[in-house]
Amino acid sequence: MSKPRPLFSPFLTRSLVTVVLSAVLTACGGSGSPETAEGRASSAVAGGAVLNSAELAAAEKAAVAADASPSPTPLDELPAGQIAAKSAYVSGAVARKALATRIPVYRFYNGSTGAHFFTTNTTERDNIVATLSPPFSLEGAAFSVASAFSPGLSPVHRFYNTQTGVHFYTISESERANVVATLPHFTYEGVAYHASQVAGQGLIPFYRFFVPSKGFHFYTASEAEKDSIIANLAATYSFEGIGYYVLDTNWQAEKLPHSGVTASKCYQAGSDVLVACSTPEASNLNPLQDGHRAAINRMFYSSVAGQALTSCVRSDVTGLIWEGKTDDGGLRDKDNTYTNLGGGAATDTSGYVAAVNALNLCGFSDWRLPTRQELLGLVDYGKAGVAPINTTYFGNTALVDYWSSDVRSTDNTRAWRVGWAVGGGASSALPRAGTYAVRLVRGDTPSGTRFTFSTIVYGSDAANNVVNDAWTGLQWRRCEEGRVWSGSACTGTESAFNHEQALAHARGESGWRLPNIKELVSLVDLSVRSGSSIDPAAFHSASVSFVWTSSPYVSDPSRALNVSFDAGASFNEGGSVYIDARTFTDAVRLVRASQ
């Protein structure tokens, strides 16, 4: 846990030593009598639950009201402390955004006082284990929170009671102010972490109890523990309800737009004919094909504060706002093309960005060229014979290549493009002196620590064989199929599968599946200059092979989508999205998620 820097450790010795010194008084029930000053203080602390409940109710009301607003503030634009629209909590957008800052909270039990202590600070945790055990016993990671501000979340405040040596936590600003004003023996230690005042997907209730005989609170994010205390300790533990909502430690949320492949387009064994994903034939081959997951993160869009769709469009999955295009021969006409050299010329993407920002399009002046990954997010790979994009929201789309902001790492005269021709969605690098179309975007790019590691039993793999991606909520096996994670690298040679074999193999690995095109391409690291185009620390010694996806090429189902990972190739450059015959043999990297 941290207060405004420095860490809590300077206060740690005083506060926790006081816990030990005050243990005798607390154990004897010295704070329990309402006739004493401490008893009256306990009553005041207990009454704070009313303030907390009222503030949670007000936050819920504010979230619902924001949803009803004709122009709710987009999640990425929320200032610290502002409640998001209710739909952002319900959809899991708030929890997804917080994945980049999600950290565990460690719980200790104090055998002398019967109270619990929480910290996110590993230095504080280790110091307690080393110097104050007993009476403190580490009970492990109890729940998760955000380590810093994340849109839609609020600060949780930490106090230290100098009389009892016990800590108190509240998300309520009114309760915090009341404690500061009326309880001088409570020392404010700052913001402990960030949590939510509003319920939603990826968030779980954090319950609070008050123990009048001891004058302190008990907290838990465990539903079972809460129920057990209510059933067995109601005489001594007064249930105060929900204190706030913390991040679900086990929740993995995908925030990549779906590929667009529909539930009517799945493969069956022995055939290139696409059938309904609900048929036994499709499920027998693989029940987690791209089309089986068509309802997860479907590409939904909306207008922006009443603006015309030819001006701007919001992606409801990513929160990005995209430039609409016109068909009037003006500055933003769909048929205009530009070089991508930089320098600010009116005929270059850099000049176009400056011109659109000067217009203050849709009230914004922070438009930019999209990354290749962002641009691929718009592609609807489920469409055949028409432009692969939602033409209701992106009506004026030229069927040509569109520039991204990404320059090829091994040749800075080339930049990455995404093709929008009929049956498109392919991506490779083109000479920057060429002229191609542009669609601008605005919004935050992912930030914070992206990859962490965990262990899932898989064949002969050593520990930490799984990569957790905080930017997408996906979990990846560190090695391609056929290879083994040794603990420091992938050893052996990857297996080669034709596309049907790849689907069949993935079905046999419980909990895992073949990624769709947008999932697999999200792993591409375009900054890598040699070897495999993937993060070399997270995916050490990765193969440079082509890798299959579960996504069919719906215009010709005898072909399917794959991705090249050879950063050094001159033609099949690493990161390119290709369409290959299903009879070709490629590598497989498996993915999993909670949905």
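Here, each number is a calculation from the coordinates, and none is a lab measurement. Bear in mind the structure is a predicted one, so any value in this text is a computation, not a measurement. We place every Cβ from the backbone using ideal geometry, glycine too, and count neighbours over all the protein chains shown.
So, R0 is 25 Å and r is the distance between the beta-carbons of A54 and T236; what FRET efficiency does that work out to, to 0.05?
Numbers: r = 26 Å, r/R0 = 1.03.
Working from the Cβ atoms, E equals 0.45.
Take every DSSP beta bridge whose two residues both sit in region 448-592, then give the antiparallel share in percent to the nearest 5.
Numbers: 24 of 25 bridges.
In region 448-592, approximately 95 percent of DSSP beta bridges are antiparallel ones.
Eigenvalues of the Cα gyration tensor times 5, then square-rooted: what semi-axes does that give for the chain, in whole angstrom, largest first?
Value: 50, 29, 22 Å, ordered largest first.
Assign unit charges at the C-beta atoms only (+1 for Lys and Arg, -1 for Asp and Glu), then state the dipole size of region 510-595 relative to its Cα centre in Debye, rounded to the nearest 20. Before the final figure, lay out the partial values.
Values: 7 positive and 8 negative charges, 51 e Å.
The calculation lands at about 240 debye.
Within a Cβ distance under 12 Å of E240, other residues only, what is the Lys/Arg minus Asp/Glu net charge?
Net local charge, E240 excluded: +1.
How far, in degrees from 0 to 90, does helix 223-232 lean away from the longest principal axis of the Cα atoms of the chain, to the nearest 10?
Around 20 degrees separate the two axes.
Helix 9-21 versus the longest principal axis of the chain: what is the Cα-based angle in degrees, 0 to 90, to the nearest 10?
Taking Cα atoms only, the helix is inclined about 40 degrees.
What do you get for the angle between helix 37-68 and the principal long axis of the chain? Use alpha-carbon atoms, 0 to 90 degrees, nearest ten.
20 degrees
Viscosity 1.002 mPa s, temperature 20 °C: what is the translational diffusion coefficient of region 343-427 from Stokes-Einstein with a Kirkwood Rh over Cα pairs, rounded to a whole number of µm²/s? Write out the running numbers ahead of the final one.
On the way: Rh = 14.2 Å.
Taking Rh from Cα pairs, D becomes 151 µm²/s.
Please compute the contact order of the chain in relative form: average sequence separation of alpha-carbon pairs under 8 Å and at least six residues apart, divided by the residue count, as a percent. Write out the running numbers ahead of the final one.
Numbers: 1370 pairs, mean separation 64.4, N = 595.
Once divided by the residue count of the chain, the mean separation gives 11 percent.
About its Cα centre, what dipole magnitude does the chain give when the only charges are +1 on Lys and Arg Cβ and -1 on Asp and Glu Cβ, stated in debye to the nearest 20? Each step should come with its number before you reach the end.
Details: 45 positive and 51 negative charges, 106 e Å.
It comes to approximately 500 debye.
With a Förster radius of 22 Å, plug the Cβ-Cβ distance of A130 and A463 into 1/(1 + (r/R0)^6) and report the FRET value to the nearest 0.05. Walk me through the intermediate numbers first.
On the way: r = 25 Å, r/R0 = 1.12.
With a Förster radius of 22 Å, E is 0.35.
In the chain, what is the count of Lys pairs whose alpha carbons are under 14 Å apart, counting only pairs at least 8 residues apart or on separate chains?
On the way: K61/K86; K97/K255; K255/K518; K265/K383; K325/K334.
Step by step, the pairs that qualify in the chain add up to 5.
Pick out, from G165, Y89, A433, the residue whose Cα sits farthest towards the positive end of the charge dipole of the chain, with +1 on the Cβ of Lys and Arg and -1 on the Cβ of Asp and Glu.
G165
Just to confirm the filter: which chymotrypsin sites (Phe, Trp or Tyr not before Pro) across region 504-595 are DSSP coil and have at most 14 other Cβ within 10 angstrom of their Cβ?
Working: sites: W512, F539, F546, W548, Y553, F565, F571, Y578, F584; in loops: W512, F539, Y553, F565, F571, F584.
For chymotrypsin sites (Phe, Trp or Tyr not before Pro) across region 504-595 that sit outside H, G, I, E and B with at most 14 neighbouring Cβ atoms in 10 Å, the list reads F571.
For a bin width of 10 Å, list the pair-distance distribution of region 96-157 built from all Cα-Cα distances, rounded to whole %.
22, 44, 24, 9
What percentage of all Cα-Cα pairs in region 448-592 are separated by more than 19 Å?
Working: 5042 of 10440 pairs.
Result: 48 percent of Cα pairs exceed 19 Å.
Out of V179, P134, F210, whose Cα points farthest toward the positive end of the dipole of region 107-216 (charges: +1 Lys, Arg; -1 Asp, Glu; placed on Cβ)?
Checking the options against the dipole of region 107-216, the answer is F210.
Using the alpha carbon gyration tensor of region 272-373, what are the three equivalent-ellipsoid semi-axes (square root of 5 times each eigenvalue), largest first, in whole Å? Mind dumping the intermediate values first?
Working: eigenvalues 293, 57, 32 Å².
The equivalent ellipsoid of region 272-373 has semi-axes of 38, 17, 13 Å.
Run through the DSSP bridge list for the chain and note the antiparallel percent, rounded to the nearest 5. Walk me through the intermediate numbers first.
Values: 85 of 89 bridges.
Around 95 percent of the beta bridges assigned by DSSP in the chain are antiparallel ones.
Gain in length, S558 to S302, computed as 0.36 nm per residue apart minus the alpha-carbon separation, to one decimal in nm?
Working: separation 256, 0.36 × 256 = 92.16 nm, distance 3.47 nm.
Stretched out fully, the S558 to S302 stretch lengthens by 88.7 nm.
Taking the alpha-carbon centroid of each part, what is the distance from region 478-500 to region 297-340 in angstrom?
Region 478-500 and region 297-340 have Cα centres separated by 41 Å.
With the dipole of the chain worked out from charges on the C-beta (+1 for Lys and Arg, -1 for Asp and Glu) around the Cα centre, which of S543, L376, A235 lies farthest toward the positive end?
Towards the positive end, the residue furthest out is A235.
Would you mind computing the Rg to Rh ratio of region 267-318 from its alpha-carbon coordinates, Kirkwood style for Rh?
1.28
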